[in-house]
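All remarks here apply to the structure that follows.
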Amino acid sequence: MNKIKIFLNPIEGREKYINSIASQGYRLVKSGSILHEFEKTNSDYKYAVQYIGYMTNKERKEYSEFLNNMNFKVFSAPLNIGKISFGNVKLRPYNYPKSMIATSPGMINNEILIIESSEGKEIPIFTDSSSKDEYLKRRKLPYYYLLVVSILLIGLGIVNILDNKSIILGSILLIIAITGICRFNYISE
């Protein structure tokens, strides 16, 4: 069974959606940005979704292998909708220096990791509250970066270095950044 679903919240929303389909007796076969393939099953499956875009490609492969060795099945999914790339390079200045440059093949279109657990087995994503706090802090970094860029655009527009359109764009980006930061503060509570 193929299902099309667009997520405004690509991590928590995807996890909730996939687990709701799994509770109806289906198992995830493949997950993309908007298209998800499921198969009917008699077993009980649970899913956890994790953002791993801050990892290098080598770390992603090692983490996936580690989970596979613990008898968890893993799927990679893209964070972006409609990004098809091969031989592409993307700058992620909000990531730690080791993973600022994402490439394809590599970490582009592999930013989300879906972990499948069978028969109610606990999925060990966060072993303590400090690791969850660190994870949420990493996920906030793009929004802080967007906040700085939006303030810069507004400032440059005000002093007439850029045209007035930069004020409008900066204001829109500022709203997106503040909404994202507030959302993560809500998730962490």
- When every residue in segment 169-189 that is modelled with pLDDT of 80 or more and among the hydroxyl-bearing types (S, T, Y) is compared, the one most open to solvent (accessible area, probe 1.4 Å) is T179
- Query: From the list S166, S131, which residue is open to solvent by less than 60 Å² (accessible area, probe 1.4 Å), polar (S, T, N, Q) and under 30 Å from A22 (Cα atoms)?
  - Reply: S131
- Message: Looking at A77, A48, A102, can you tell me which residue is touching a Gly at 6+ places or on another chain (Cβ under 7 Å), aliphatic (A, V, I, L, M) and within 29 Å of L146 (Cα to Cα)?
- Response: A77
- Message: What pairs come out if I take residues in segment 22-47 that are touching a residue at least 60 places away in the same chain (Cβ under 8 Å) and under 21 Å from A77 (Cα atoms) and pair them with residues that are among the hydroxyl-bearing types (S, T, Y) and in a strand (DSSP E or B) whose C-beta lies under 6 Å away, six or more apart or interchain?
- Response: R27/Y45; Y45/S118; K46/S117
- Task: Have a look at G106, G157, G87 and point out the one that is more than 24 Å from I18 (Cβ to Cβ) and at pLDDT 80 or above.
- Result: G157
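How many residues, within segment 125-160, are touching a helix residue (DSSP H, G or I) at 6+ places or on another chain (Cβ under 9 Å) and assigned to a helix (DSSP H, G or I)?
Of the residues in segment 125-160, 23 are touching a helix residue (DSSP H, G or I) at 6+ places or on another chain (Cβ under 9 Å) and assigned to a helix (DSSP H, G or I).
The values are calculated or read from the model by the stated rules, or taken from the named source; none is laboratory data. Only a predicted model underlies this, so the values are computations on that prediction, with no experimental measurement involved. Counting neighbours? That spans all protein chains shown, and the Cβs are built from the backbone with ideal geometry, glycine included. Just the protein is used for accessible areas: all its heavy atoms, side chains included, with ligands, DNA and RNA removed. Shrake-Rupley method; radii C 1.70, N 1.55, O 1.52, S 1.80 Å.
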